[in-house]
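Written below as structure tokens is the structure these notes are about.
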Amino acid sequence: MSREEDAPDTDDTPDTGGATYELQDVFEQLDELEGTVTSSEERREVRRTRRMLERVPGSGRIKKYTSRDVAEGFVGGIIFSLPLLVEDGVFEIAEWFTEFSVGPLPLFLAINVLFIVTLASGLLYYTDIRDVQMRRLFGFIPKRLTAILVISLLVAFLTMLMWGRLHEEDPTTLEQFARVTVIWAAAALGATLGDILPGESKGQDLAELIGDLGDGDGNPEGSS
């Protein structure tokens, strides 16, 4: 009998069938696992494992939302919205939004708001710019998306108010809101890009500062 035949098989490497795995595959498996476990202790263990993997160099996933992300989103929203503040075309677009209605509903105004939400969520979760984990408030509201939309809306409203563009030509309340949404579209784009382009920011996660307020038990999702 040959020496090779006498030697015991000491290879403990699990058989993967020749498949290769990346960290993203592991994250997706952990996301699915968290959605299936029932006890709080098991969910904590899954989240602890995910946090350990996120510290691995090259993981590339954005999970934390810090005060620096808030500042980056604010600055991005300002940069993208400022050029539009001096344009009178904003008034014309807002007037068109309020005039084209189906019954009591200003259709194009509603579509514009949906467009803003879709644009921000698409950039965050469904493009390959960054791998952003979706964390939900109360189980169904995306935390990061909500923060970006609120920040950019505040940027649009406050800059319009401060620069005297909100009350010029004595608009109705609906027309004022329509003007804000025009600027909001640009501010939301800038806030989203300002948040995700630099990658994950250093610092403590704001969710941890408030004790993971409203963290849902549903399955958090990353970008596809």
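The values are calculated or read from the model by the stated rules, or taken from the named source; none is laboratory data. Everything quoted here is computed from the prediction, not taken from an experiment. Because the Cβ atoms are built from the backbone with ideal geometry, glycine has one as well, and the counts that use them run over all protein chains shown.
Per this entry, Arg130 is counted among residues that are within 20 Å of Ile62 (Cα to Cα), touching a residue at least 12 places away in the same chain (Cβ under 8 Å) and either surrounded by fewer than 20 Cβ atoms within 10 Å (Cβ to Cβ) or of a type in the set (D, E, K, R) (or both). Going by the structure shown, is Val86 modelled with pLDDT of 65 or more, among the β-branched types (Val, Ile, Thr) and touching a helix residue (DSSP H, G or I) at 6+ places or on another chain (Cβ under 7 Å)? Spelling it out, it is not the case that Val86 is modelled with pLDDT of 65 or more, among the β-branched types (Val, Ile, Thr) and touching a helix residue (DSSP H, G or I) at 6+ places or on another chain (Cβ under 7 Å). Within the stretch 111-130, identify whether any single residue is under 30 Å from Arg47 (Cβ atoms), at pLDDT below 90, charged (D, E, K, R) and in a helix (DSSP H, G or I), and answer yes or no. No, the stretch 111-130 contains no residue that is under 30 Å from Arg47 (Cβ atoms), at pLDDT below 90, charged (D, E, K, R) and in a helix (DSSP H, G or I).
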